[in-house]
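To start, the structure itself, in structure tokens.
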Ligand code: GLN
């Protein structure tokens, strides 16, 4: 039981979006957790979608799925990866959810004839949601990142709520960090403080003053510039932090730590300060920067121009690279460009390993199938994720089992061989939001398989986000041709992992292993995939 009142840290953004508030929040979370505090991190998103599950990854980046099946913002991925703390639906809320709750209450008549307004009804609901994460009380510190930037019309209700909470709880329980930008103007050779000044001014207009400024910059900020920011922004000079660009995002906590961020927060919260050991992360970052070998992995999919759509996959490779003492070079292949085996040869000639990415819809599918064929025939290590597994199976059905027209009913409803199809309960589903097979499901591994060798245990829990499943009718045929079903869901009898018998390392999963990879704890399938790719490179 935590006796102290809950301490809140609000992380806000100024000047422009994309400054890395998510990484900043995750880094503060890492530091406080490694300092011994029980911490959680929330993301408050100002958009009206109820969850990001229905949003285009081109606009919003990856949808991050949690154990409980909630579809959340990709920043939750950073929080889990950095802190290792498992999140739940309560860690992500949107304006859409807030309004939905208030309007449902209004329809039920709970407000007894009152006029429903942004203040106090919407702000009260935001407050309720923020506080609810710590009922029953488990955390000493709750970090809340507010999406968008200060000055957006959309984020005003959140900022007003923070103003009220700061009034009610006091500065010793409510800390405000603002991430801003200090741009460098090449022609005059100067770092400019005005954007930071203006964004803090905007915040002060609504009655909030930051306690800490995390100033994003490409160049070191001299003391004189920091002092100027401090003076104009009403912040202590030591609380103006130089958040300089770094090679690896995992260096950010170290940058903050070296400038005393943990101590600043702990002092304001009147908490006891003790020793803090961050050598594990220092060691991890050293290994990211000093690998002794290189390996090229080709990532085959369709959103390849926006790597944010595959954030977790990219990070999973960073973690797996460190455990293999390697640098993984990611080589993106747009599968719409692959229309023949000749194209595949051309695009995949550099690959030491091939990853078939997850996805939805038929665009680029035949190209993915050809990439799987290339990997199988040329004995290149291959990992397939979700749609990647489905494409690998279609390829195997067509080219090994002789079912020339095999397909998934997602792409061809009337296929004579629906080797991937909808389960009965999915056939009834009409609504798109939150209706897929989502979240953690158990999977039983078959001893003696590559999957078992990677995990070294019989039962695993992995996260899902898909509608279609392997059609069990074809299992015997596939098995007779050399496919191994190495993991299955024991309750629903669904295929979870497949692998190929006569291949150095060809494994595909219906679940998304990338969602469970963590800094200092790479995912077993990614770790083994990178290991197999290094081995393949050496024999090339
Ligand atoms: N489109 C496929 C399905 O719904 C795969 C989804 C995915 O790759 N996440 O089953």
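The values are calculated or read from the model by the stated rules, or taken from the named source; none is laboratory data. Given the structure is predicted, the values throughout are model-derived calculations rather than measurements. When we count neighbours, we look across all protein chains shown, and the Cβ atoms used for this are built from the backbone with ideal geometry, even at glycine.
Here is how the numbers come out for the structure above:
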item: Long-range neighbours under 9 Å by Cβ, at least six apart or interchain, first residue without any contact (Cβ under 8 Å) to a residue 12 or more places away in the chain within region 464-490, second within 16 Å of the ligand (Cβ to nearest atom); result: 473/418; 473/419
item: Subset tally (residues that are under 30 Å from residue 343 (Cβ atoms) and surrounded by fewer than 19 Cβ atoms within 10 Å (Cβ to Cβ)) for region 268-322; result: 8
item: Contacts under 8 angstrom Cβ, first residue in region 263-277 being closer than 19 Å to residue 241 by Cα, partner at pLDDT below 85, 6 or more apart; result: 263/273; 266/273; 267/273
item: Count - residues of region 97-152 that are at positive phi and surrounded by 13 or more Cβ atoms within 10 Å (Cβ to Cβ); result: 2
item: Verdict on residue 448 being surrounded by fewer than 23 Cβ atoms within 10 Å (Cβ to Cβ), in a loop (DSSP other than H, G, I, E, B) and more than 16 Å from the ligand (Cβ to nearest atom); result: yes
item: Region 9-22 residues that are more than 17 Å from residue 175 (Cα to Cα), paired with ones that are assigned to a loop (DSSP other than H, G, I, E, B) (beta carbon under 7 Å, 6 or more apart); result: 15/149; 16/149; 17/148; 17/149
item: Qualifying residues in region 411-428 (those that are touching a helix residue (DSSP H, G or I) at 6+ places or on another chain (Cβ under 8 Å) and part of a loop (DSSP other than H, G, I, E, B)) - the one farthest from the ligand (Cβ to nearest atom); result: 417
item: Criterion (within 23 Å of residue 161 (Cβ to Cβ), in a strand (DSSP E or B), touching a helix residue (DSSP H, G or I) at 6+ places or on another chain (Cβ under 7 Å) and touching a residue at least 24 places away in the same chain (Cβ under 8 Å)) met by exactly one of 44, 76; result: 44
item: Filtered residue count, region 378-410, keeping only those that are over 23 Å from residue 513 (Cα atoms), in contact with a strand residue (DSSP E or B) (Cβ under 8 Å, 6 or more places away or on another chain) and assigned to a helix (DSSP H, G or I); result: 1
item: Conditions (1) without any contact (Cβ under 8 Å) to a residue 60 or more places away in the chain; (2) more than 29 Å from the chain's Cα centre (by Cα); (3) under 30 Å from residue 153 (Cβ atoms): number failed by residue 211; result: (2)
item: Condition check for residue 131: out of contact with any helix residue (DSSP H, G or I) (no Cβ under 7 Å at 6 or more places or on another chain) and either closer than 29 Å to residue 517 by Cβ or part of a strand (DSSP E or B) (or both); result: no
item: Qualifying position, being surrounded by 20 or more Cβ atoms within 10 Å (Cβ to Cβ), more than 27 Å from the chain's Cα centre (by Cα) and within 16 Å of the ligand (Cβ to nearest atom), among 472, 407; result: 407
item: Checklist (1) buried (at least 24 other Cβ atoms within 10 Å of the Cβ); (2) outside any helix (DSSP H, G or I); (3) more than 24 Å from the chain's Cα centre (by Cα); (4) within 16 Å of the ligand (Cβ to nearest atom) applied to residue 355, failing item; result: (3)
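Results for (1) over 25 Å from residue 320 (Cβ atoms); (2) free of Cβ contacts under 8 Å to residues at least 60 places away in the same chain; (3) within 16 Å of the ligand (Cβ to nearest atom); (4) not in a helix (DSSP H, G or I), shown as yes or no for each residue.
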{"residue": "343", "(1), (2), (3), (4)": "yes, yes, no, no"}
{"residue": "350", "(1), (2), (3), (4)": "no, yes, no, yes"}
{"residue": "370", "(1), (2), (3), (4)": "yes, yes, no, no"}
{"residue": "376", "(1), (2), (3), (4)": "no, no, no, no"}
